[in-house]
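Values quoted throughout were computed directly from the atomic coordinates according to the rules given, and no laboratory measurement underlies them. A quick note: this is a predicted structure, and the numbers were derived from the prediction, not measured. Counting neighbours? That spans all protein chains shown, and the Cβs are built from the backbone with ideal geometry, glycine included.
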Amino acid sequence: MKIMKCDCSNGLDAHCEDAILSAAEEIAAGNLIVYPTETVYGIGADIFNQVAVKNLFLAKKRPFDMALSVAVSDKKMMESVAVLNENADKLIKAFLPGPLTIIIEKQPDVPDLVTSSSQKVGVRIPDHPIAQGIIKRAGPIVATSANLHSHPDATEINAAIDDLGSVVNTYVDAGKSPLGTPSTIVWLMKGQVEIVRQGAITIQQIEEVLKC
């Protein structure tokens, strides 16, 4: 188990770049990482490595019928995972990168294990330089909170370590999560809009954008 500390409050220094590279290499090797986002700490794996994804479910003690969200670095990478529509485009333009997860039709090559055999996928673009750096190098990764299932979300690295321990190869510690609140989750499918979970972005903000 490796813990890499970095302070990215004034931009990415050499320590941060080393942490990003190390975390991306762990992802490529099929291992699990814990990484910072603007909301809470996440546990990540390559979404296309089904052994790694299975290990992530087991590490969190998360039921396999509970789908995992996916983190991407930009809209182009999002389009490789999800089939976007007009409402998604509006929300992406208004809120991403940021604390919003959009549930929408998945691309066919996204493994059923990630989505619990659903034809939709939750996807977001984290607004954090460490998360962005890892994803740009590693490609789409799992975006779910770094805690045991049903435990409180980890807003500091020690909480994640206490829950997950040595099953995670690399922990990237960037201090306390800036927001400390999970992302808002919005479901978009066939013209319908549903707020699955309100987090840092309010229902009113989302409704205002979608009226435009």
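Does the stretch 161-174 contain at least one residue that is of a type in the set (A, V, I, L, M, F, W, C), in contact with a Cys (Cβ under 6 Å, 6 or more places away or on another chain) and surrounded by 14 or more Cβ atoms within 10 Å (Cβ to Cβ)? The answer is yes, given that some residue of the stretch 161-174 is of a type in the set (A, V, I, L, M, F, W, C), in contact with a Cys (Cβ under 6 Å, 6 or more places away or on another chain) and surrounded by 14 or more Cβ atoms within 10 Å (Cβ to Cβ).
Looking at Lys76, is it among the basic types (Lys, Arg), within 17 Å of Leu164 (Cβ to Cβ) and not in a loop (DSSP other than H, G, I, E, B)? Steps first, answer last, please.
Numbers: among the basic types (Lys, Arg): yes; within 17 Å of Leu164 (Cβ to Cβ): no; not in a loop (DSSP other than H, G, I, E, B): yes.
Spelling it out, it is not the case that Lys76 is among the basic types (Lys, Arg), within 17 Å of Leu164 (Cβ to Cβ) and not in a loop (DSSP other than H, G, I, E, B).
In the stretch 4-27, which residue that is over 13 Å from Gly133 (Cα atoms) and in contact with a Ser or Thr (Cβ under 8 Å, 6 or more places away or on another chain) is surrounded by the fewest Cβ atoms within 10 Å (Cβ to Cβ)? Here the residue is Met4.
Residues in the stretch 149-191 that are among the β-branched types (Val, Ile, Thr), in a loop (DSSP other than H, G, I, E, B) and within 26 Å of Lys2 (Cβ to Cβ): Thr155, Val168. Looking across the stretch 63-115, the residues that are under 14 Å from Ser183 (Cα atoms) and not hydrophobic (A, V, I, L, M, F, W, C) come down to Ser69, Pro97, Gly98, Pro99, Thr101. Filtering the stretch 88-105 to residues that are touching a helix residue (DSSP H, G or I) at 6+ places or on another chain (Cβ under 6 Å) and not in a helix (DSSP H, G or I) leaves Ile102, Ile104. From the residues in the stretch 116-148 that are assigned to a helix (DSSP H, G or I) and among the aliphatic types (A, V, I, L, M), which one is nearest to Thr181 (Cα to Cα)? The qualifying residue nearest to Thr181 (Cα to Cα) is Ala131.
Just name the residue that is farthest from Ser145 (Cα to Cα) out of those in the stretch 192-208 that are of a type outside the set (Asp, Glu) and part of a strand (DSSP E or B).
Looking only at the stretch 192-208, we keep the residues that are of a type outside the set (Asp, Glu), and these are 192-193, 195-206.
From what's left, part of a strand (DSSP E or B): 192-193, 195-197.
Numbers: Gln192: 27, Val193: 24, Ile195: 19, Val196: 16, Arg197: 14 Å.
Ranking the qualifying residues of the stretch 192-208, first place goes to Gln192.
When you check Phe48 against the structure, is it part of a loop (DSSP other than H, G, I, E, B), surrounded by fewer than 22 Cβ atoms within 10 Å (Cβ to Cβ) and in contact with a helix residue (DSSP H, G or I) (Cβ under 7 Å, 6 or more places away or on another chain), yes or no? No, not satisfied.
When Ile102, Ile92, Ile135 are checked against the criterion of being under 30 Å from Glu17 (Cβ atoms), surrounded by fewer than 23 Cβ atoms within 10 Å (Cβ to Cβ) and either free of Cβ contacts under 8 Å to residues at least 40 places away in the same chain or under 16 Å from the mean Cα position of the chain (by Cα) (or both), a single residue qualifies: Ile92.
Please state which one of Asp127, Asp173 is under 20 Å from His15 (Cβ atoms), touching a residue at least 60 places away in the same chain (Cβ under 8 Å) and acidic (Asp, Glu). Working first, answer last.
Details: Asp127 fails: under 20 Å from His15 (Cβ atoms).
That would be Asp173, the only listed residue that is under 20 Å from His15 (Cβ atoms), touching a residue at least 60 places away in the same chain (Cβ under 8 Å) and acidic (Asp, Glu).
Of all residues in the stretch 179-212, those satisfying the criterion of being surrounded by 18 or more Cβ atoms within 10 Å (Cβ to Cβ) and out of contact with any Ser or Thr (no Cβ under 6 Å at 6 or more places or on another chain) are Thr184, Val186, Leu188, Ile206.
Within the stretch 125-141, does at least one residue satisfy the condition of being polar (S, T, N, Q) and under 23 Å from Met66 (Cβ atoms)? Break it down stepwise before answering.
First, pick out the residues of the stretch 125-141 that are polar (S, T, N, Q): 132.
The next check asks that each one be under 23 Å from Met66 (Cβ atoms); those that pass are none.
No, the stretch 125-141 contains no residue that is polar (S, T, N, Q) and under 23 Å from Met66 (Cβ atoms).
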